[in-house]
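Input: a single structure, listed below in structure tokens.
The values are calculated or read from the model by the stated rules, or taken from the named source; none is laboratory data. From a predicted model like this one, the values you see are computed outputs, not experimental measurements. Neighbour counts run over all protein chains shown; Cβ positions are idealised from the backbone, glycine included.
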Amino acid sequence: MTIIINIDVMLVKRKMSVTELSERVGITMANLSILKNGKAKAVRFSTLGCKRI
């Protein structure tokens, strides 16, 4: 199953920076960049269940 989320669109809607998102969800900037660019090979369910964004 493919899950597609456009992080850039979500950030604009919430008027949030990538740095702020990284701090809020506890993901490093490097890993967030991998997610943003669609290069992640796997994502933990706990990451998908994040309520902070």
Quick one: would you say ILE7 is surrounded by 10 or more Cβ atoms within 10 Å (Cβ to Cβ) and either small (Gly, Ala, Ser) or modelled with pLDDT under 85 (or both)? yes
Taking only the range 5-31 into account, find how many residues are part of a helix (DSSP H, G or I) and closer than 22 Å to ALA42 by Cα. 15
Yes or no: LYS36 surrounded by 10 or more Cβ atoms within 10 Å (Cβ to Cβ), at pLDDT below 85 and among the basic types (Lys, Arg)? yes
